[in-house]
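Okay, so here's the structure we're looking at.
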Amino acid sequence: MRKVFVLASLAALLASGTAFADTSGKKIAFSNNYAGNSWRQAMLKSYDIVTKKAVADKVVGAADVFTTADQEVPTQAAQIQNLILQGYDAIVINAASPDALNGAIKQACEAGIVVVSFDGIVNEPCAYRVVVDFEDMGKQEIEQMKKFHPEGGNLLEIRGLAGTSIDDSIHKGLQEGVAAHPEFKIVNSVTGNWDQTTAQKAVATVLPSLPDIVGVVTQGGDGYGAAQAFAAAGKPRPTIIMGNRQDELQWWKEQKAKDGYTTWSASIAPGVSTLAFWVAQQVLDGRKDIPHDLLVPYLAFTQDDFEQHLPEIPVGSVATKEYTQADAIEAIKANIK
């Protein structure tokens, strides 16, 4: 009778998706393709804070970070293959491409390794994806611009890291937003790599040939650089959508104090890397109810609330949130349909 009761209880446990395995000996690797801007640095810092504690608390056995020396897909694919050979139980990945890494990702899955992508996600079906609706973020940029400039006007677009899912999705959202509001026109597009210095140089290069610009739509990490380029060229200051970086919000505060300058800011929180880590841990822990696509909100600031959050952001960094295991469990529950 007792055996029947135990088996029934185990069946109920499995059906409920409740975690029950021991992950204290499990090893999780983080494959990262780029670290060259403030967002990526904040991402790595958040990951380090959370995973070091997880290892110290014996939640997992290891949580090692591997960042490629370049931004090339073959380099990251080779890195993933090395992680497979090194015997990791899970790989958290910020991917250089949504599809070009699928071969290496599939190899990992076939080897029994859990793969969780975030930010730069992969579309290989066996992988989990912690996703932000970047397409909506792009559309919202145009919706916000409509509030600031009801009459419309010319826009300059600053794109992110070429070939990534984030860049493609935000760009698509911007195009959809402009299609819905044809009074706006994107007259030029430059690549800023989500980096202020790169963005400033790129904007400065095209400014002399541009018509009057009412706004700059961005992807994050490029707003302050764009502002500097317009100022250096002696051009009228446009409405620049910001990306939650400290230098951007500080500049916004100064402009607001000067003459009431108004804009909007949004970005994925760099600490989403820690959410991806906990999702990987939960899969290793035996949960059976985790969707392969988990949607999480992006972080946005308005004219009314950005100043109260600015002191919380370290100089040179970006607004973030570090997730706990409980946060991950709640996020999983929220995505179960």
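The values are calculated or read from the model by the stated rules, or taken from the named source; none is laboratory data. The model shown is predicted, which means the values in this text are computed figures rather than measured ones. Neighbour counts are summed over all protein chains in view; Cβ atoms, including those assigned to glycine, are modelled from backbone coordinates with ideal geometry. These area figures cover heavy atoms from the full protein model, side chains too; ligands, DNA and RNA do not enter into them. Shrake-Rupley method; radii C 1.70, N 1.55, O 1.52, S 1.80 Å.
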Every residue in the stretch 309-337 that is free of Cβ contacts under 8 Å to residues at least 40 places away in the same chain, within 20 Å of T51 (Cα to Cα) and surrounded by 10 or more Cβ atoms within 10 Å (Cβ to Cβ), please. E330
Suppose we filter S273, S267 for residues that are closer than 30 Å to S24 by Cα and hydroxyl-bearing (S, T, Y); which single one remains? S273
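Right, S46: closer than 30 Å to E248 by Cβ and modelled with pLDDT of 95 or more or not? Lay out the reasoning, then the answer.
Numbers: closer than 30 Å to E248 by Cβ: yes; modelled with pLDDT of 95 or more: yes.
Yes.
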Conditions: (1) in a helix (DSSP H, G or I); (2) small (G, A, S); (3) open to solvent by 40 Å² or more (accessible area, probe 1.4 Å). A54 meets all but one. Number of the miss? (3)
Count of residues meeting criterion [open to solvent by 40 Å² or more (accessible area, probe 1.4 Å) and farther than 20 Å from V60 by Cα] in the stretch 73-108: 10
State yes or no: is I241 touching a Phe, Trp or Tyr at 6+ places or on another chain (Cβ under 9 Å), modelled with pLDDT under 95 and of a type in the set (V, I, T)? no
Considering the stretch 294-308 alone, what residues qualify as being open to solvent by 20 Å² or more (accessible area, probe 1.4 Å) and either out of contact with any helix residue (DSSP H, G or I) (no Cβ under 8 Å at 6 or more places or on another chain) or of a type in the set (V, I, T) (or both)? P297, L299, T302, D304, D305, Q308
When you look at A180, is it over 21 Å from the mean Cα position of the chain (by Cα), surrounded by fewer than 23 Cβ atoms within 10 Å (Cβ to Cβ) and of a type in the set (A, V, I, L, M), yes or no? yes
Index of the failed condition, G243 passing every other in (1) under 29 Å from A127 (Cβ atoms); (2) surrounded by 23 or more Cβ atoms within 10 Å (Cβ to Cβ); (3) among the small types (G, A, S); (4) free of Cβ contacts under 8 Å to residues at least 60 places away in the same chain: (4)
Qualifying positions in the stretch 113-150 - open to solvent by 50 Å² or more (accessible area, probe 1.4 Å) and not in a helix (DSSP H, G or I): N123, P125, D133, P150
Can you pull out every residue in the stretch 34-49 that is assigned to a helix (DSSP H, G or I) and open to solvent by 20 Å² or more (accessible area, probe 1.4 Å)? S38, Q41, L44, K45, D48, I49
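This table checks each residue for (1) over 30 Å from H149 (Cβ atoms); (2) in contact with a strand residue (DSSP E or B) (Cβ under 9 Å, 6 or more places away or on another chain); (3) modelled with pLDDT of 95 or more.
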{"site": "Q250", "(1), (2), (3)": "no, no, yes"}
{"site": "K253", "(1), (2), (3)": "no, no, yes"}
{"site": "K256", "(1), (2), (3)": "no, no, yes"}
{"site": "T263", "(1), (2), (3)": "no, yes, yes"}
{"site": "I268", "(1), (2), (3)": "no, yes, no"}
{"site": "T274", "(1), (2), (3)": "yes, no, yes"}
{"site": "V279", "(1), (2), (3)": "yes, yes, yes"}
{"site": "D285", "(1), (2), (3)": "yes, no, yes"}
{"site": "P291", "(1), (2), (3)": "yes, yes, yes"}
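Can T239 be described as of a type in the set (V, I, T) and closer than 22 Å to E312 by Cβ?
Values: of a type in the set (V, I, T): yes; closer than 22 Å to E312 by Cβ: no.
Here the answer is no, as T239 does not meet what is asked.
Would the stretch 4-23 turn up any residue that is over 19 Å from W194 (Cβ atoms), modelled with pLDDT of 90 or more and touching a strand residue (DSSP E or B) at 6+ places or on another chain (Cβ under 6 Å)? Give the steps one after another, and end with the answer.
Of the stretch 4-23, the ones over 19 Å from W194 (Cβ atoms) are 4-23.
From what's left, modelled with pLDDT of 90 or more: 22-23.
Next, from what is left, pick out any that are touching a strand residue (DSSP E or B) at 6+ places or on another chain (Cβ under 6 Å): none.
No, every residue in the stretch 4-23 fails to be over 19 Å from W194 (Cβ atoms), modelled with pLDDT of 90 or more and touching a strand residue (DSSP E or B) at 6+ places or on another chain (Cβ under 6 Å).
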Looking across the stretch 172-187 at residues that are in contact (Cβ under 8 Å) with a residue 12 or more places away in the chain and small (G, A, S), the single one that is farthest from D212 (Cα to Cα) is G173
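Can you say whether Y261 is out of contact with any Leu (no Cβ under 6 Å at 6 or more places or on another chain), aromatic (F, W, Y) and more than 20 Å from S317 (Cβ to Cβ), as far as the supplied structure shows?
Working: out of contact with any Leu (no Cβ under 6 Å at 6 or more places or on another chain): yes; aromatic (F, W, Y): yes; more than 20 Å from S317 (Cβ to Cβ): yes.
It is true that Y261 is out of contact with any Leu (no Cβ under 6 Å at 6 or more places or on another chain), aromatic (F, W, Y) and more than 20 Å from S317 (Cβ to Cβ).
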